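Working notes for the structure below.
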Amino acid sequence: LSDPMLSEAADELIKTRHYNAEWAITTQGQILSAQFESIHDPYLRERGADIDQIIEKVLRRLSGTPNLLQKSVSLNQSEALIVVARDISPADMLKLRDARFAGFLTDLGGPTSHTAIVARSMNVPAVVGLGSAHSLVRDGDLLLIDGLNGSVLVNPSDAAIAEFRQIRSRYIEKRTRLQQLRDTPCITRDGIRIRLEANIEVPDESEAALAVGAEGIGLFRSEFLFMGRSQPPSEDEQYEAYAQVVKAMDGRPVTIRTLDLGADKTLVDDASVAVNPALGLRAIRYCLAHPELFATQLRALLRAATHGHLRILIPLISHMHEVVASQKALQQARQSLIDEGVPVPERVELGAMVETPAIAVAVEPFVDALDFLSIGTNDLIQYTLAIDRSDAEVAHLYDPMHPAVLRLLHHVIGAAHRAGKPVSLCGEAAGDTQMTAVLLGLGLKEFSMHPQHLLDVKSKLLSSHADALRNKVADALNRAVRPTLN
Ligand code: PEP
Ligand code: MG
């Protein structure tokens, strides 16, 4: 927007031709778009879309059209409103968290995309990847969302409404019953103790984690502090956010993942779009390419670690040199704090996410070099099966039960246990009750998931027999087939 090619030229049109502001910026935008259209290089050509987007925003401001993301929108609170959109970015979804919508429908996106993950953490029904809901649904339509099964009825019959009201009451009753399991230790029928922790995106969610009896935070996706804003949070702001969670969890372990930007999560002013962002400069790759940003976060984490049990988790590791570089960056951050006389703990555990087939297949040296591992099935499945987790078109191929995926999980869990190192699983599979028996059968003893899934999974675990499941899963893995456990 500050580029003179756009703003000065529009200014000129206002002064010399007496265009109004909207018309001036639209005209200049059209001129620039035409120039971009004629660029041969496809990457540069696509940047024309950035111009269209910025102009649309300016026009919206000028015309005063309400923007859903502006808190000033006055919503009739007596009506439950549902957002129907072509797509919602994870950063925008996070902003909608405070607007108290009753549900979300999008044409694009997969169930493990970060947009869906944030919607899940908001505890409201959402269905993504609907294809054309955005053009089919009209303002004022009555919508009935079945978030559990991923279906939507538009202007449903009275009979359908009555049926869904019953389904909803049963669902609410079940949740109330589950709440009684909050303080029950999670032990399987054959005596295996399972640890259940929570995934959070923002510090306040630690309350939801405690409310369901989570034994710690297994994954704090720190990048959500950085998204939807033009400047990254300062060291102090980050310190406050991390310390808030560590203090709230009162001695329970809090695993904070360093910045996982890239793919579907971007900074607001990051104009660069990689050709294939999921395979690009994402997560630890991004942090190592922006050492100052990384150092600031590591310093904030080390400072917050003085308030309790904080563990640092590095995302998307696939090379040992990335582990070495992360250890070095942590050591430097620590030394810089010591030099300034700032208190730091003796030692902070450092772990890696297992999200690429590379680290999963050759995990042994990573187990040795690190204090713990956390398996991110959302990405591990995406990269193993070559399926973009945000792409609705291939969502049906996203299969956590694929024998190749299960063999990777089995290998990683086994290697960590043999070395006596903790290994947890924090992808959406951990909170999926359809996966609980298989994960138990793979030998998993630490699960981390969104708080609202925790008691469901606990109830399943309490009635399971780990040993019997282990035999069945081992047999299926030997034959490279899907386990059938029921
Ligand atoms: C994962 O990949 O499974 C994971 C937990 O990380 P994210 O969903 O944030 O990529
Ligand atoms: Mg991931």
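The values are calculated or read from the model by the stated rules, or taken from the named source; none is laboratory data. Computed from a prediction, not measured in an experiment: that's the story for all the values here. Methodologically, a virtual Cβ is constructed for each residue, glycine included, from the backbone with ideal geometry; neighbour enumeration extends over all protein chains shown. Just the protein is used for accessible areas: all its heavy atoms, side chains included, with ligands, DNA and RNA removed. Shrake-Rupley method; radii C 1.70, N 1.55, O 1.52, S 1.80 Å.
Figures for the structure shown
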| quantity | calculated |
| --- | --- |
| Unique residue being touching a strand residue (DSSP E or B) at 6+ places or on another chain (Cβ under 6 Å) and more than 19 Å from Met449 (Cα to Cα) when the list is Ala392, Ala360 | Ala360 |
| Scan of region 103-157 for residues that are assigned to a helix (DSSP H, G or I) and in contact with a Leu (Cβ under 7 Å, 6 or more places away or on another chain), ordered by number | Val118, Ala133 |
| Subset of region 233-251 (residues that are surrounded by fewer than 19 Cβ atoms within 10 Å (Cβ to Cβ) and not in a helix (DSSP H, G or I)) | Pro233, Ser234, Asp250, Gly251 |
| Odd one out for Gly443 among (1) in contact (Cβ under 8 Å) with a residue 40 or more places away in the chain; (2) closer than 22 Å to Leu219 by Cα; (3) more than 21 Å from the chain's Cα centre (by Cα) | (1) |
| Enumeration of residues in region 465-485 that are under 29 Å from Ala119 (Cβ atoms) and of a type in the set (S, T, N, Q) | none |
| Complete set of residues in region 369-378 that are near ligand 1 (Cβ under 8 Å from one of its atoms) and in contact with a strand residue (DSSP E or B) (Cβ under 8 Å, 6 or more places away or on another chain) | Ser374, Ile375, Gly376, Thr377 |
| Some residue of region 291-306 being free of Cβ contacts under 8 Å to residues at least 40 places away in the same chain and in a loop (DSSP other than H, G, I, E, B) | no |
| Residue that is nearest to Ile117 (Cα to Cα), among those in region 130-180 that are at pLDDT 90 or above, open to solvent by 70 Å² or more (accessible area, probe 1.4 Å) and of a type in the set (Asp, Glu) | Glu173 |
| Sole residue being touching a Ser or Thr at 6+ places or on another chain (Cβ under 7 Å), of a type outside the set (Val, Ile, Thr) and part of a helix (DSSP H, G or I), chosen from Lys460, Lys472 | Lys460 |
| Selection count, region 349-368, where residues are open to solvent by 30 Å² or more (accessible area, probe 1.4 Å) and either more than 16 Å from ligand 1 (Cβ to nearest atom) or not small (Gly, Ala, Ser) (or both) | 7 |
| Residue check for Asn76: within 30 Å of Ala99 (Cβ to Cβ), loosely packed, with under 11 Cβ neighbours inside 10 Å and modelled with pLDDT under 70 | yes |
| Leading residue by the ranking (most open to solvent (accessible area, probe 1.4 Å)) among those in region 10-26 that are within 15 Å of Val58 (Cα to Cα) and among the aliphatic types (A, V, I, L, M) | Ala21 |
| Residue ID - modelled with the highest pLDDT, chosen from residues in region 252-286 that are among the polar types (S, T, N, Q) and open to solvent by 30 Å² or more (accessible area, probe 1.4 Å) | Asn276 |
| Total residues in region 338-351, condition out of contact with any helix residue (DSSP H, G or I) (no Cβ under 6 Å at 6 or more places or on another chain) and of a type in the set (A, V, I, L, M, F, W, C) | 3 |
| Qualifying positions in region 312-348 - surrounded by fewer than 17 Cβ atoms within 10 Å (Cβ to Cβ) and not in a helix (DSSP H, G or I) | His319, Glu340, Gly341, Val342, Pro343, Pro345, Glu346, Arg347 |
| Pair list, Cβ under 6 Å, 6 or more apart: region 415-440 residue under 12 Å from Ile375 (Cβ atoms), other residue away from ligand 2 (no atom under 16 Å from the Cβ) and in a helix (DSSP H, G or I) | Ala415/Glu364; Ala415/Val367; Ala416/Val367; Val423/Ile413; Val423/Ala416; Ala429/Met435 |
| Considering residues of region 415-436 that are in a helix (DSSP H, G or I) and either open to solvent by 20 Å² or more (accessible area, probe 1.4 Å) or at pLDDT below 95 (or both) only, the residue nearest to ligand 1 (Cβ to nearest atom) | Glu428 |
| Yes/no for Arg299 being away from ligand 1 (no atom under 16 Å from the Cβ), under 19 Å from Glu240 (Cβ atoms), buried (at least 16 other Cβ atoms within 10 Å of the Cβ) and at pLDDT 95 or above | yes |
| Meets criteria (among the acidic types (Asp, Glu), in contact (Cβ under 8 Å) with a residue 12 or more places away in the chain, within 30 Å of Asn276 (Cβ to Cβ) and in a helix (DSSP H, G or I)) for Asp52 | yes |
| Scan of region 374-392 for residues that are in contact (Cβ under 8 Å) with a residue 24 or more places away in the chain, outside any loop (DSSP other than H, G, I, E, B) and either of a type in the set (Ser, Thr, Tyr) or more than 30 Å from Pro253 (Cβ to Cβ) (or both), ordered by number | Ser374, Thr377, Tyr383, Thr384, Ala392 |
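Let's see how each residue does on (1) farther than 24 Å from Ala395 by Cβ; (2) among the small types (Gly, Ala, Ser):
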position	(1), (2)
Ile82	no, no
Ala99	yes, yes
Arg120	no, no
Cys186	yes, no
